[in-house]
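Participant: My questions all concern the structure below.
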Amino acid sequence: MEMTLNKGVAALPVERSPGYWSTVGRRLLRNKLAMFAALILLALIVMAIFAPALMPADPYASSILKRLKPIGFEGYPLGTDELGRDMLSRLMLGGRLSLFMGITPVLLAFVIGSAIGIVAGYAGGWTNTVIMRLTDVLYAFPSVLLAIALSGTLGAGVGNALLSLTIVFIPQIVRVAESVTTQVRNREFVDAARASGASSLTIVRAHVLNNVLGPIFVYATSLISVSMILASGLSFLGLGVKPPEPEWGLMLNTLRTAIYTQPWVAALPGAMIFLTSISFNLLADGIRSAMEIKE
Amino acid sequence: MTYLLRRIVYALPILLGVALLCFSLVHIAPGDPLVSVLPPDASEELRLQLTALYGFDKPFLEQFIHWLVRALHGDLGTSIATNRPVMAEVSKAVINSIRLATVATLIGFTFGCLFGFVAGYMRDSVSDRVASFISVLGVSIPHYWLGMVLVIAFSVVLGWLPATGAGPGGSGDWTWDWEHIQYLILPAVTMSVIPMGIVARTIRALVAEILSNEFIVGLRARGLSDIAVFRHVVKNVAPTALSVMGLQLGYLLGGSILIETVFSWPGTGFLLNAAIFQRDFPLLQGTILILAVFFVMLNLVVDALQTLFDPRIQRN
């Protein structure tokens, strides 16, 4: 939440009234659903960061005698997993990797994709054609297929999963960045800046960045939810995080066989992914409608 | 017509790029691509022999062209794991995937339209809030988890529907009778949630926009009934709605791997999963190529249909 507002202030648009971003902030603060989502996210992030201090038990300590205990079992408020490890502690610590793996690819793709897209949009001509045609090839794959193809080929592991997901999101962000930049490039104030002798670099820094980063950022926030689901999905398939590290997608995978013995314990990690993903979506929707960007 | 022709010509380099990327997969993979065919104690002689057999000793471009020419003739090589032609494996799986994805798209489209129209028509009412919230649920839910929850509810707890598989006799012949359809229900419902959310969102925005247009006010002023006005709205929404549906079908086909894994549905996703874990590269390349080509073609067809339905669209 805090980050969004700061970002907003940094991306002050030139052509709008100076109060635009504070208006957006006010409108967002009035959106109860978005604020509720932001609070949940804040709580999840705090939980993940301080998990080592907050965890009631050792998330790696297994016990053959205490395997697959139900929710509310003595000493284990959320039950135990297939190796008798405390579910509550594992869910708390698992949030670290899950959130990290969901957010990082979007951040990386935001930085890389914006840079590529702005260059393509501002340069135009052949540079644009080459970049956009290459983007089209990656865009020709459904994103889930591309993510799985890449990480399946590269092999399991956090690094490979992050790399694959970043590659999946880059073309999507490049497309948005290119189209916004092309629009801004043809505006009068850019012509005016060029006529008064400003260099390309100055124009991009002073006029283009200010106007394009906002819309790209809004688009990127709407990708975080997808990224959370995909990142955990890769781990669910055995292509992301490796055991015994706790991560929600991987926990869901290893608990799959337990749906006949402890169904509700087995469903818990997925509920965490769901909660995170829907909160990100509601917040992104809130930011979007506060900025009045049409879908 | 010229637009369509341009669009087809434009799709060719994309298809070439897609093929190149699929082919490159085996080269970006770490380790020796022969690792899954070679016995651990293989002699150097055997290794060289197999390298030559698979063509790995030739330059990259030559390998690619050779592979592409064979692929164009319908030969995608032989699966390392099953020793059967990749084409046969994929075409068998693709039919299962298309069956599942089509049913899911139809369910998702029906409910997506319903929620979208309700929300768009009654903007900012309680019904709008509920319908919009359901559509957010649809795009936010991890579908593999939803699949698990549905299995828990309808197979484990209630015992109404089978949990996994595609028929009483394993993945055998499919017929549209209850014996088989009961296996399709849970995976199809799970899968339908994604297009439902997206269709609902798109239609809500479109309907709200169309209703705020002046021509609707004009129609009402001329005394048209609500049903007649509704017909105009549907006409205006249809082209976009249909194109969204077409694209969603493509996404579901390519992205079904997680759901197919949860339900052990013998489609392309299931095949891909097997290919990845057995490091069966010909099968991996072939499956991904077929799915991606299918997706590009589907995009093309959707575009063509959209220009047909809505002649106003003259894109450049």
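Participant: Give the span of segment A:242-286's Cα atoms along each principal axis, as three whole-Å numbers ordered largest to smallest.
Facilitator: Principal axes ranked by extent give 40, 23, 9 Å for the Cα atoms.
Participant: Percent of Cα-Cα pairs per 10 Å bin, from 0 to the last occupied bin, for segment A:21-168, please list those.
Facilitator: Spelled out bin by bin, segment A:21-168 gives 10, 22, 26, 25, 12, 5, 1 percent.
Participant: Can you work out D for segment B:128-229 in µm² s⁻¹ from Stokes-Einstein, where Rh is the Kirkwood radius over C-alpha pairs, the temperature is 4 °C and the viscosity is 1.567 mPa s?
Facilitator: For these conditions, the coefficient is 77 µm²/s.
Participant: Okay, moving on. Using Stokes-Einstein with the Kirkwood hydrodynamic radius over Cα pairs, what translational diffusion coefficient do you get for segment B:258-303 at 37 °C and a viscosity of 0.692 mPa s, in µm²/s rounded to a whole number?
Facilitator: 289
Participant: Specify, per residue and in Å³, the volume enclosed by the convex hull of the alpha carbon atoms belonging to segment B:74-126.
Facilitator: Each residue corresponds to 120 Å³ of Cα convex hull volume.
Participant: Between A:I49 and B:D124, what's the calculated FRET efficiency when r is the beta-carbon distance and R0 is 35 Å? Round to 0.05.
Facilitator: Efficiency, rounded to the nearest 0.05: 0.40.
Participant: Which log10 I(q)/I(0) values, to two decimals, does segment A:24-86 give at q = 0.26, 0.28, 0.30 Å⁻¹ under the Debye formula with one point per Cα?
Facilitator: Log10 I(q)/I(0), no solvent term: -1.01, -1.07, -1.11.
Participant: Could you work out the percent of alpha carbon pairs in segment A:128-251 separated by over 17 Å, rounded to a whole number?
Facilitator: 64
Participant: Take every Cα pair under 8 Å in segment B:162-316 that's 6+ residues apart, average their separations, divide by the length, and report that relative contact order as a whole percent.
Facilitator: It comes to 24 percent, rounded to a whole number.
Participant: Can you tell me the convex hull volume per residue for segment B:145-290, based on C-alpha atoms, in Å³ to the nearest whole number?
Facilitator: It comes to 162 Å³ per residue, whole-number rounded.
Participant: Quick one: dipole size for the protein assembly as shown, taken about the Cα centre, charges +1 on Lys/Arg Cβ and -1 on Asp/Glu Cβ, in debye to the nearest 20.
Facilitator: 1620
Participant: Taking amide H positions as placed in the peptide plane 1.01 Å from N, state which residues far from A:F73 in sequence (5 or more) or on other chains have amide H under 5 Å from it.
Facilitator: HN-HN under 5 Å from A:F73: A:G79.
Participant: Can you give the Kirkwood hydrodynamic radius for segment B:14-155, in Å, rounded to one decimal and based on Cα pairs?
Facilitator: Hydrodynamic radius (Kirkwood, Cα pairs) of segment B:14-155 is 20.2 Å.
Participant: Okay, next question. Quickly rank B:193-200, A:148-155, A:227-234 as a protection proxy: mean count of other C-beta atoms within 10 Å, highest first.
Facilitator: Highest to lowest by the protection proxy: A:227-234, B:193-200, A:148-155.
Participant: If you don't mind, there's one more thing I want to ask. Given a Förster radius of 45 Å and the C-beta distance between B:I185 and B:L48 as r, what FRET efficiency does 1/(1 + (r/R0)^6) yield to the nearest 0.05?
Facilitator: The computed FRET efficiency comes out at 0.30.
Participant: Then there's this: Percent of alpha carbon pairs in the protein assembly as shown separated by more than 47 Å?
Facilitator: Result: 17 percent of Cα pairs exceed 47 Å.
Participant: Name the residue farthest towards the positive end of the dipole of chain A from the options A:L252, A:G75, A:M47, assuming +1 on Cβ of Lys and Arg, -1 on Cβ of Asp and Glu, about the Cα centre.
Facilitator: Towards the positive end, the residue furthest out is A:M47.
Participant: Apply the a/c threshold of 1.5 to the C-alpha gyration tensor of segment A:112-177 and tell me whether it is rounded, prolate or oblate.
Facilitator: prolate
Participant: Here is a further query. Summarise the partner chain shielding of A:268-279 as one whole number: the mean count of Cβ atoms from other chains within 10 Å of each residue's Cβ.
Facilitator: 4
Participant: Also, quick follow-up: Take chain B, compute every pairwise Cα distance, and split them into 10 Å bins from 0; I just need the percent in each bin.
Facilitator: 5, 21, 26, 23, 15, 7, 2, 1, 0
Participant: Name the residue farthest towards the positive end of the dipole of segment B:94-228 from the options B:M148, B:V103, B:S127, assuming +1 on Cβ of Lys and Arg, -1 on Cβ of Asp and Glu, about the Cα centre.
Facilitator: Working it through, the farthest residue towards the positive pole turns out to be B:S127.
Participant: Which value, in Å³ per residue, describes the convex hull spanned by the Cα atoms of segment A:84-138?
Facilitator: Residue-normalised Cα hull volume stands at 75 Å³.
Participant: Can you compute the radius of gyration and Dmax for segment B:48-111, using only the Cα atoms, both in Å?
Facilitator: Using the Cα atoms of segment B:48-111, the pair Rg, Dmax is 17.6, 57 Å.
Participant: Hey, got the average number of other protein chain Cβ atoms within 10 angstrom for residues in B:198-205?
Facilitator: Mean partner-chain Cβ count within 10 Å for B:198-205: 1.
Participant: Here is a follow-up. When Cβ neighbours within 10 Å are restricted to other protein chains, what is their mean count per residue of peptide A:145-158?
Facilitator: So the per-residue partner count for this stretch is 6.
Participant: Per Stokes-Einstein, at 4 °C and 1.567 mPa s, what whole-number D in µm² s⁻¹ belongs to segment B:195-247, with the Kirkwood radius over Cα pairs as the hydrodynamic radius?
Facilitator: 111
Participant: Where does helix B:226-254 land angle-wise versus the long Cα axis of chain B, in degrees 0 to 90, nearest 10?
Facilitator: Compared with the principal axis, the helix lies near 10 degrees.
Participant: Cut-off 10 angstrom, C-alpha nodes, Gaussian network model of chain B. Which of B:Q248, B:Q49, B:Q285 fluctuates the most?
Facilitator: B:Q49
Participant: Which order do the peptides B:236-245, B:252-261, A:50-59, A:114-123 come out in when sorted by mean C-beta neighbours inside 10 angstrom, highest first?
Facilitator: By packing density, highest mean first, the sequence is B:252-261, A:114-123, B:236-245, A:50-59.
Participant: Go from 0 up to the bin containing the longest alpha carbon distance in chain A, width 5 Å each, and give me the % of pairs per bin.
Facilitator: 1, 5, 11, 14, 15, 14, 12, 10, 7, 5, 3, 2, 1, 1, 0, 0
Participant: Projecting each Cα onto the charge dipole of chain B (Lys/Arg +1, Asp/Glu -1 at the beta carbon, about the Cα centre), which of B:Q306, B:T261, B:A42 comes out farthest on the positive side?
Facilitator: Selected residue: B:Q306.
We did not get these values from a lab; they are worked out from the coordinates using the rules stated. Note that this is a predicted model, so its numbers are computed, not measured. Heads up, the Cβs are rebuilt from the backbone with ideal geometry, glycines too, and the neighbour counts pull from every protein chain shown.
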